[in-house]
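Report on the following structure.
The values are calculated or read from the model by the stated rules, or taken from the named source; none is laboratory data. Keep in mind the model is a prediction, meaning the values are calculated, not measured. Here the Cβ is made from the backbone with ideal geometry for all residues, glycine too, and neighbour counts use every protein chain on show. Heads up: the accessible areas ignore ligands, DNA and RNA and are worked out on the full protein's heavy atoms, side chains in. Shrake-Rupley method; radii C 1.70, N 1.55, O 1.52, S 1.80 Å.
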Amino acid sequence: MSTEFAAPFAALPVAPRDPRLADAPLLRAARRLRPAHTPVWFMRQAGRSLPEYRKVREGIAMLDSCRRPELVTEITLQPVRRYGVDAAIFFSDIVVPLKAVGVGLDIRPGVGPVIDQPFRTRADLDRIPELEPEMISDIAESVGLLTAELGGTPLIGFAGAPFTLASYLVEGGPSRDLARTKALMYSDPQLWEALLQRLAQISAGFLRVQVAAGASAVQLFDSWVGALPLADYRRFVQPSSAAVLDAVRELDPTVPRIHFGVQTGELLPAMAEAGADVVGVDFRVPLDVATARLGGDHAVQGNLDPALLFASREVLGQRVRQTLEAGAAAPGHIFNLGHGVLPDTDPDQAKFVVDTVHAWKG
Ligand code: CP3
């Protein structure tokens, strides 16, 4: 697949980075250098379980909140202040760039993204124009505000991978079996490729804007790709994800790229081939086993079961240490959950995990 994305993104000037970031444990682990301590952050650490998040979001729709730089900055910083995590994850959503190009969609509370007119035919491609930097100038502004506040703490930018974005567009909303997505992929491979190519441009553009504005690492979320068998992943999905990851490297080769999906145990070797520096692993595969499947030379991220934050401190502490020991088999380990923080999680349990990780002497 071509990696020739729209020229304006390739020409974006990249903001200078805070020199303290050179020692940031998250960036050192991603680069497979020994960090001062094992870094930890949580997927979905911003929002969901924090009372201070619910308070500032009161009366503001999710997608509106993502476009207000001061609010985005406040929400992104909340978990950094409360937990002392080693990175901030940019507060936004994978569907924000789709909305920015004009796709009619909304995020419904407790449901997720819902698309006005689902993608079904080639004519629908016309309703998904390419992303241009000016469409998301507020995102660059938010990132700039954040990196100024964060100093030596990395900001992780992110985007949805083409397959996961396509799944929402084709299904029209969240789906258990992705039946329509798979039907389109298998029955009209040419249209599928055209759709994924367009989404790769959008995903790459969203990441490039965040990197140019100062994000010091990125995560590509291919949350639902575990629905596919290995051979179909390689044929129908991997090229577009690889193109997105390449586009970030072309803009700034120093920015580590993390690639994550759920239920990807069978796909790990092919995800490693897609080119990221760090592969995120869900909680079903121990990190030492995942490291072997990845070929041994990738840093890994993960992978405590988010449900364990509901267990006793004793059990939780044991499982955190077990995860750290398994992660030591990899050339770099970023501690995280195997998927996002669950909505009813007690923030004190998350703080306990951070403290336990930081106290660990591997
Ligand atoms: O804390 C963070 O991780 C940063 C912010 C973030 C959000 N969404 C905010 C959000 C990130 C990184 C995402 C990514 C995202 N969005 C993914 C990939 C991550 C994953 O969980 O696998 C996916 C699949 C989406 C799509 C999406 N957005 C869903 C399925 C939902 C509903 C489920 C939910 O979490 O409530 C959303 C809504 C959403 N995105 C919320 C937040 C804080 C909740 C909306 C609200 O508070 O009203």
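Things worth noting here:
- Complete set of residues in the range 266-280 that are more than 16 Å from the ligand (Cβ to nearest atom) and not in a loop (DSSP other than H, G, I, E, B): Glu266, Leu268, Pro269, Ala270, Ala272, Glu273
- Among residues of the range 242-264, those that are open to solvent by 10 Å² or more (accessible area, probe 1.4 Å) and assigned to a loop (DSSP other than H, G, I, E, B), counted: 5
- Cβ pairs under 8 Å, 6+ apart, first in the range 147-165 and farther than 24 Å from Lys99 by Cβ, second of a type in the set (Ser, Thr, Tyr) and part of a helix (DSSP H, G or I): Glu149/Thr73
- Only helices (runs of 4 or more DSSP H) whose full extent lies in the range 19-109 are considered here, and the ones with at least 2 residues that are buried (at least 21 other Cβ atoms within 10 Å of the Cβ) and within 9 Å of the ligand (Cβ to nearest atom) are 69-83.
- When the criteria are applied in full, Val289 meets the requirement of being among the aliphatic types (A, V, I, L, M) and open to solvent by 10 Å² or more (accessible area, probe 1.4 Å).
- Matching residues in the range 218-241 - criterion: being more than 13 Å from the ligand (Cβ to nearest atom), among the small types (Gly, Ala, Ser) and surrounded by 20 or more Cβ atoms within 10 Å (Cβ to Cβ): Ser240, Ser241
- Flag if Arg321 is out of contact with any Asp or Glu (no Cβ under 9 Å at 6 or more places or on another chain), within 24 Å of Arg28 (Cβ to Cβ), open to solvent by 50 Å² or more (accessible area, probe 1.4 Å) and away from the ligand (no atom under 16 Å from the Cβ): yes
- Restricting the range 176-213 to residues that are modelled with pLDDT of 95 or more and within 15 Å of the ligand (Cβ to nearest atom), the residue that is nearest to Pro79 (Cα to Cα): Gln210
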